[in-house]
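S.K.: What follows is a structure written as structure tokens; I'll ask about it next.
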Amino acid sequence: MNNRLPLGLIVGAALACTAPGAHAANPFDETLSLLGISFQVTSANAAQGNSVEVQPAGLEIDNTKLVWPVTGTVVRAEVADINVDGSPEVYVYVREPGADARMSLVAYSANKKKSMSMIFLPPLGEVPNADQGYCGHDDMAIVESVFAYRFPLCGKDGERTGKMRQLQYKLTPGEAGWALKLDKMFEY
């Protein structure tokens, strides 16, 4: 069980093609609990046709298993309550195939401990100047009650500059669920 407050980021599940000859990773199966709600996160981590399954338990109305198709393998999951509303969220990190090792996120929030809704993260390209110098090898995590998305910066030649960019997001209500909204962006 992971008791630390995680940083989550939802990046739309990009459905890229799996490279020919790609091999599946070990299956993923972890149960995370916080505030009386648990989430069993599983994935076959199949080379093709992979998905993330989240089975909640402890919700008052709807404990239906949610399944989301992904390209890549689940490498980690975290549970947190970053908006401090007394209902936890689950963040599942997926490493996409390819040399640039891009990450995507599948995340859900427990709505007043009754049911679950998806958490949406706007694509990096929709955040002004955020994708300048982006070349993959990114990481996502819950850090001190914010969702952090960080990656090395590369120059025009594709070589790393030695700098990192970090975007920090807060969880806010959206139109049909929840959204991660950019709070800060900085380089170091």
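The values are calculated or read from the model by the stated rules, or taken from the named source; none is laboratory data. All figures in this text were calculated on a predicted structure; none of them were measured in a lab. So basically every Cβ, Gly included, is an ideal-geometry build from the backbone, and we count neighbours across all protein chains shown.
S.K.: Pull out all pairs, ordered by first then second residue, where Cβ-Cβ is under 8 Å, the residues are six or more apart or on different chains, the first lies in the stretch 156-176 and is without any contact (Cβ under 8 Å) to a residue 40 or more places away in the chain, and the second is loosely packed, with under 10 Cβ neighbours inside 10 Å and assigned to a loop (DSSP other than H, G, I, E, B).
M.R.: Lys163/Tyr188; Met164/Tyr188; Gln166/Tyr188
Every residue, every condition in (1) of a type in the set (S, T, N, Q); (2) surrounded by fewer than 20 Cβ atoms within 10 Å (Cβ to Cβ); (3) modelled with pLDDT under 95, yes or no:
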| residue | (1), (2), (3) |
| --- | --- |
| Leu32 | no, no, no |
| Pro56 | no, no, no |
| Glu60 | no, yes, no |
| Pro69 | no, yes, no |
| Asp81 | no, no, no |
| Gly86 | no, yes, no |
| Ala99 | no, yes, yes |
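S.K.: Return the only residue of Ala179, Ala141, Ala130, Ala148 being assigned to a loop (DSSP other than H, G, I, E, B) and among the hydrophobic types (A, V, I, L, M, F, W, C).
M.R.: Criteria check complete, one pass: Ala130.
S.K.: Identify, please: which residue in the stretch 34-46 is of a type outside the set (S, T, N, Q) and within 16 Å of Ser104 (Cβ to Cβ) and is, among those, modelled with the lowest pLDDT?
M.R.: So the residue we want is Ala46.
S.K.: In addition: Would you mind stating whether Tyr134 is among the hydroxyl-bearing types (Ser, Thr, Tyr) and free of Cβ contacts under 8 Å to residues at least 40 places away in the same chain?
M.R.: yes
S.K.: State all residues of the stretch 152-162 that are surrounded by 12 or more Cβ atoms within 10 Å (Cβ to Cβ) and in contact with a Leu (Cβ under 9 Å, 6 or more places away or on another chain); if no residue qualifies, say none.
M.R.: Answer for the stretch 152-162, where residues must be surrounded by 12 or more Cβ atoms within 10 Å (Cβ to Cβ) and in contact with a Leu (Cβ under 9 Å, 6 or more places away or on another chain): Arg160, Thr161.
S.K.: Can you give me the number of residues within the stretch 167-182 that are out of contact with any Pro (no Cβ under 9 Å at 6 or more places or on another chain) and hydrophobic (A, V, I, L, M, F, W, C)?
M.R.: Matching residues across the stretch 167-182 total 4.
S.K.: Is it the case that Thr64 is assigned to a strand (DSSP E or B), surrounded by fewer than 22 Cβ atoms within 10 Å (Cβ to Cβ), at pLDDT 95 or above and not small (Gly, Ala, Ser)?
M.R.: no
S.K.: Among the candidates Val67, Val52, Val92, Val79, which residue alone is in contact with a strand residue (DSSP E or B) (Cβ under 8 Å, 6 or more places away or on another chain) and closer than 18 Å to His137 by Cα?
M.R.: Checking each option against the conditions leaves just Val92.
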